[in-house]
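Just below is one structure, and these are the notes that go with it.
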Protein chains: 2
Amino acid sequence: MSPKITGELLRQLRQAMRNSKYFSEPIQAYIVPSGDAHQSEYIAPSDCRREFICGFNGSAGTAIVTEQHAAMWTDGRYFLQASQQMDNNWSLMKMGLKETPSQEDWLISILPENSKVGVDPWIIAADQWKHMSRALTSAGHSLVAVQDNLIDAVWTDRPERPSTQLRYLGLNYTGISWQEKITALRAKMTKRKVTWFVATALDEIAWLFNLRGADIEYNPVFFAYAIVGMNTIRLFVDLKRLSVPALRDHLQLDSPCKPEMSVHAYPYESVYSELQAICAAHSPKDKVWISDKASCALTQVIPKIHRTPIPYTPLCLAKAVKNATEIQGMKMAHIKDAAALCELFAWLEKEIPKATVTEISAADKAEELRSQQKDFVGLSFPTISSVGPNGAIIHYRPLPETNRTLSLNEVYLIDSGAQYVDGTTDVTRTVHFGTPSAYEKECFTYVLKGHIAVSAAVFPNGTKGHLLDSFARAALWESGLDYLHGTGHGVGCFLNVHEGPCGISYKTFADEPLEAGMIVSDEPGYYEDGAFGIRIENVVLVVPAKPKYNYRNRGSLTFEPLTLVPIQVKMMNTELLTQKERDWVNEYHRICREVIGAELERQGRKGGLEWLIRETQPIA
Amino acid sequence: MSPKITGELLRQLRQAMRNSKYFSEPIQAYIVPSGDAHQSEYIAPSDCRREFICGFNGSAGTAIVTEQHAAMWTDGRYFLQASQQMDNNWSLMKMGLKETPSQEDWLISILPENSKVGVDPWIIAADQWKHMSRALTSAGHSLVAVQDNLIDAVWTDRPERPSTQLRYLGLNYTGISWQEKITALRAKMTKRKVTWFVATALDEIAWLFNLRGADIEYNPVFFAYAIVGMNTIRLFVDLKRLSVPALRDHLQLDSPCKPEMSVHAYPYESVYSELQAICAAHSPKDKVWISDKASCALTQVIPKIHRTPIPYTPLCLAKAVKNATEIQGMKMAHIKDAAALCELFAWLEKEIPKATVTEISAADKAEELRSQQKDFVGLSFPTISSVGPNGAIIHYRPLPETNRTLSLNEVYLIDSGAQYVDGTTDVTRTVHFGTPSAYEKECFTYVLKGHIAVSAAVFPNGTKGHLLDSFARAALWESGLDYLHGTGHGVGCFLNVHEGPCGISYKTFADEPLEAGMIVSDEPGYYEDGAFGIRIENVVLVVPAKPKYNYRNRGSLTFEPLTLVPIQVKMMNTELLTQKERDWVNEYHRICREVIGAELERQGRKGGLEWLIRETQPIA
């Protein structure tokens, strides 16, 4: 991986920062956040501005350019990758380390007095704007909204915003019609005396209308906004997309008979003016709900007196708790996905001795096998297929220049998943095709102990996921080891592979309590720079537990693994496992064999079936 | 325990709320916080306003009185106690339960439009004022500062503010002179470009000047404020207290030779006007550090442009990390304390069969035995001495009307501690003098497993205490049980038994990372209403750990118990313990026997020694 050469680009950007065409006065620093106007984690090529300016293409990172400096903040998953993708013009700011200053502290430490710091108000979230603005102001500087994006100004071959075909999902996939979802939303609005709700997150809009698109790779979403009132539903979207009659029917577009349950379509760009008009036309008592992660530009359209920013919208909360149809779909998707992976591992075992399989060809094979499964749509994120030292790059993606050959001598980590019409998958397995070292096995076993500790945890109703994070680390900590990422994230149902408002991470305190029906990942790991990476990830469903007692009638919860792919016994030092942990492994493998075995048999996949049977032998 | 009759008092308070003598317009609600002007947890009798108005005398709780309602918020430790101490005029608001509204939500739900909510600005913290004011304003109400306290207006026999004798501590107790502490503080101020620091917390002021008082029962503090500048040190205190020459020497009072290291004394009440004068006299660039928990009244003296509120002051952080002298003192204090407790348990075993020992007499005996130890000053909090169902009242304090007799049939819980000149103790033991039931043993063993899980935890440097909280609960959760309080709090050294900024609790996210030298409690519990209470509490010291590996050179930490009192084996179901847990118990008891045995022998306390030897037999 060779770094992007950015000297000339930075020169042009700094010129734009001084150009009065964009802002009346020169600005001394310009912030380039990661996101798009919807604060999406994955973004369309037209929105990859941070990558364009610094070269780093990981999913999280913020670049800041001043007259003298250029710095980029990212988290532990990306330290290695960012250092390889950025040239010497850039300083890497390692978030989470004690010595790393926050963006605002860094700015304050280097800016001349009374500096202006610019940012595009459409791609900074309202809560981030507020935080940054307050910090800069207290130090005598100011944060200013630069309406024209300065990256776009120097990005001559910037791609267009995508506008892919939309598909609607029937009740057999969604379980609930969009009309029912609107009714539930309005009930919550009535309860909280809110008159308008502005939806800005693309997955929330897709979920609400039971629609899917393909505007952003890996995420079946489409560019849109929605404004829901008590009697109207406005959808802001490229209008050309709604020309299909079946889609117009699905949305009851401009239907005169039941106007409050009819969607009115508006051009995507008109959301600003339309929201302005709504706010102007209504009484000052009208409250408007908008996510505090919505763009600063759109948030500030709503006069403060109307505005009620919320950390999690009612759609985000409703979407997180899967209904019976969605759970059934997720289970089906995971069975198909596991069948494809069993077949992959059987194929790898056969091919690796020939020394012809690379990280890229293994990832391609995984995609090919998944694509043979029913209702396959695409991958749910770029496959992390990594051998030996590449495994230590937490969000590694093999490129021709980094591509390693799989061998009998190195640990292989594959983190992959797919979108099926019935559900989304995300699974990581770490395997060795030869003989792992004692140290590799030891580390793997600590990670496994952490994985089991979370998966088997029983906890009271109302517990937030972050309270489970340390369970995943205890065995690693006891040996002086750790990993620099969270333990789990919410997973959508044929939607984004990362979704809120629940998760399992030491980093957040504002996650919503876990509830039966929520789906999260359980993925502790261990990474030894320059040597290997280990991660064991299942997607798990929150289910009621029935322990012996029931303190204050609160009820208890636990997890049920949806991912059913064997965990390699060869990588375990079973002496380090307790009897309870060995029982967990055996029971998990029994279910894998039973459920996935039947599917492989049905599909006539003998290689995968043989591999599955061998890999699910009970341990003593 | 019979509830306080409050009908007439509430009538008088509501009259005051309408009286234009106190505020120009009638106020529709009046908030009575728990604290004093220093946000102390324990308060002097003159500050017990919430207790005066509602009858509930626990350490945490806020009362709110409106024209129609009176409600009091407290946490899980106090649900039972509060319900017994308050009459029907009051609604108990159980904090932490999902259905309980916050104070602001409750106010908004019941107040007529445009209401005024009053509060004494000296006893509400600045951050609480801000939060409450914002919530009320957004709903069309307002929070107003009522300068005269309305409780004082109806409290005819309110006691005077105490002014006890001050004592100063030598280097053999403190390890560091107050001059060195001032120098360290000024260095931090210089680093952060802060010109003034306002100290408002009583324990921080006592710590800074190596002084102790006895103004508040159990807490060796004295009423004072301090303002430290780069060249001046102002101490605001009842001036009569400084007439002792040795004290004046200790403080270098008004010394002309080294003015920047000389304390200038001012009357306690003059802090407001003096701070006003300081702020008026200085450049607008001068920054003033003040805790965000300081009173709203004092905080608002500082113009916003000067004010830099901080969650934890540099004194709070410095005080939390004990130096070698303090650690040595804490160890000595815990040895003496354990000797007294061994003697107590030996005495109880002998006396209980006579059916003459009550909760109160047992607590008195514990105090008597502690008072025989060297450098004893007093108790560090009211002894919780509770039998059977009283044990389920988490912060129970025996009163003549609730006093139960200790017997061979019920579980006995004693949570007690003392102030010695060399350190502060806090220990809870739960014992049975007859034969505990299988269920009592089962619950005790889960609590013990949680206690051990925290005490033996190894975790990376930089870990915050709240990340360890779930370790204490895992065994209880697995059986469907839990407890409604945090797991640990910071402990002062001959200072407050509860101190920040570290602790072990699911409730906070803003705690500071644990560091070697910090001292916290480890006290999981289980409470069965109407039946029994279990808690096992040690005070533990954060120490470096040396696990096998050292990921990224971060280093690891663990805990060393300072409390050395046997944990009753009779209460354990040892079959539920893992081998590792049994080893922990045996090693802990070995150390108890060795260290406390030597002390008991030295003191010639044969009864205690025999008891200790018997109670520290290894388990198989």
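Of note:
- Failed item in (1) modelled with pLDDT of 95 or more; (2) buried (at least 17 other Cβ atoms within 10 Å of the Cβ); (3) touching a Gly at 6+ places or on another chain (Cβ under 9 Å), with residue B:531 passing the rest: (2)
- Test: residue in the stretch B:500-513 that is buried (at least 24 other Cβ atoms within 10 Å of the Cβ), in contact (Cβ under 8 Å) with a residue 24 or more places away in the chain and not in a strand (DSSP E or B): no
- Just one residue in the set A:185, A:208 is in contact with a Pro (Cβ under 7 Å, 6 or more places away or on another chain) and surrounded by 19 or more Cβ atoms within 10 Å (Cβ to Cβ); that residue is A:185.
- Failed item, numbered, when residue B:283 is tested on (1) surrounded by fewer than 22 Cβ atoms within 10 Å (Cβ to Cβ); (2) not in a loop (DSSP other than H, G, I, E, B): (2)
- Only one of the listed residues (A:317, A:253, A:341) is surrounded by fewer than 21 Cβ atoms within 10 Å (Cβ to Cβ) and under 30 Å from residue A:559 (Cα atoms). That residue is A:317.
- For the residues B:496, B:586, the requirement of being of a type in the set (S, T, N, Q) and in a helix (DSSP H, G or I) singles out B:586.
- Counted residues, the stretch B:509-533 - those being more than 19 Å from the chain's Cα centre (by Cα) and of a type in the set (S, T, N, Q): 0
- Sole exception among (1) closer than 30 Å to residue B:511 by Cα; (2) crowded, with 16+ Cβ neighbours inside 10 Å; (3) not hydroxyl-bearing (Ser, Thr, Tyr) for residue B:347, by number: (1)
- Considering only residues in the stretch B:19-72 that are part of a strand (DSSP E or B) and not β-branched (Val, Ile, Thr), the one that is surrounded by the most Cβ atoms within 10 Å (Cβ to Cβ) turns out to be B:63.
- Test: residue in the stretch B:33-42 that is over 22 Å from the mean Cα position of the chain (by Cα) and at pLDDT 95 or above: no
- Selected residue (criterion: farthest from residue A:219 (Cα to Cα)) from residues of the stretch A:373-389 that are among the β-branched types (Val, Ile, Thr) and surrounded by 22 or more Cβ atoms within 10 Å (Cβ to Cβ): A:387
- Which listed residue, of A:431, A:421, is of a type in the set (Val, Ile, Thr), farther than 30 Å from residue A:208 by Cα and more than 16 Å from the chain's Cα centre (by Cα): A:431
- Subset of the stretch B:552-568 (residues that are of a type outside the set (A, V, I, L, M) and out of contact with any Pro (no Cβ under 7 Å at 6 or more places or on another chain)): B:552, B:553, B:558, B:559, B:560, B:561, B:563, B:566, B:568
- Residues that are under 22 Å from residue B:529 (Cα atoms) and among the charged types (D, E, K, R), drawn from the stretch B:460-512: B:473, B:478, B:482
- Some residue of the stretch A:121-128 being of a type in the set (Gly, Ala, Ser) and at pLDDT 95 or above: no
- In the stretch B:224-239, residue nearest to residue B:200 (Cα to Cα) [restricted to those that are part of a strand (DSSP E or B) and not basic (Lys, Arg)]: B:225
- Qualifying residue in the stretch A:486-503 (condition: within 14 Å of chain B (Cβ to nearest Cβ), touching a Gly at 6+ places or on another chain (Cβ under 6 Å) and at pLDDT 95 or above): no
- Boolean, residue A:450 is over 26 Å from residue A:599 (Cα atoms), within 20 Å of the chain's Cα centre (by Cα) and within 14 Å of another protein chain (Cβ to nearest Cβ): no
- Candidate set from the stretch A:212-250 (those that are within 30 Å of residue A:384 (Cα to Cα) and of a type in the set (Gly, Ala, Ser)); member that is surrounded by the most Cβ atoms within 10 Å (Cβ to Cβ): A:224
- Restricted to helices (runs of 4 or more DSSP H) entirely inside the stretch A:88-193, those with at least 2 residues that are in contact with a Leu (Cβ under 9 Å, 6 or more places away or on another chain) are A:103-110, A:126-138, A:150-154, A:178-191.
- Candidate set from the stretch A:568-597 (those that are β-branched (Val, Ile, Thr) and under 20 Å from residue A:333 (Cβ atoms)); member that is surrounded by the most Cβ atoms within 10 Å (Cβ to Cβ): A:596
- Selected residue (criterion: nearest to residue A:566 (Cα to Cα)) from residues of the stretch A:457-485 that are more than 9 Å from every other protein chain (Cβ to nearest Cβ) and either crowded, with 24+ Cβ neighbours inside 10 Å or of a type in the set (A, V, I, L, M) (or both): A:472
- Of all the residues in the stretch A:405-440, those that are within 14 Å of another protein chain (Cβ to nearest Cβ) and of a type in the set (D, E, K, R) number 1.
- Among the candidates A:613, A:567, A:596, residue that is closer than 30 Å to residue A:515 by Cβ and assigned to a helix (DSSP H, G or I): A:596
- Residue satisfying all of: in the stretch A:515-563; of a type in the set (Ser, Thr, Tyr) and outside any helix (DSSP H, G or I); farthest from the other protein chains (Cβ to nearest Cβ) among these: A:563
- Cβ-Cβ contacts under 8 Å between residues 6 or more apart (or on different chains), taken from a first residue in the stretch B:243-264 that is closer than 17 Å to residue B:184 by Cα to a second residue that is assigned to a loop (DSSP other than H, G, I, E, B) and among the charged types (D, E, K, R), are listed as B:262/B:254; B:263/B:254.
- Any chance residue B:198 is surrounded by 21 or more Cβ atoms within 10 Å (Cβ to Cβ), among the aliphatic types (A, V, I, L, M) and either part of a loop (DSSP other than H, G, I, E, B) or without any contact (Cβ under 8 Å) to a residue 12 or more places away in the chain (or both): no
The values are calculated or read from the model by the stated rules, or taken from the named source; none is laboratory data. In this text, all values refer to a predicted model and were calculated from it rather than measured experimentally. Methodologically, a virtual Cβ is constructed for each residue, glycine included, from the backbone with ideal geometry; neighbour enumeration extends over all protein chains shown.
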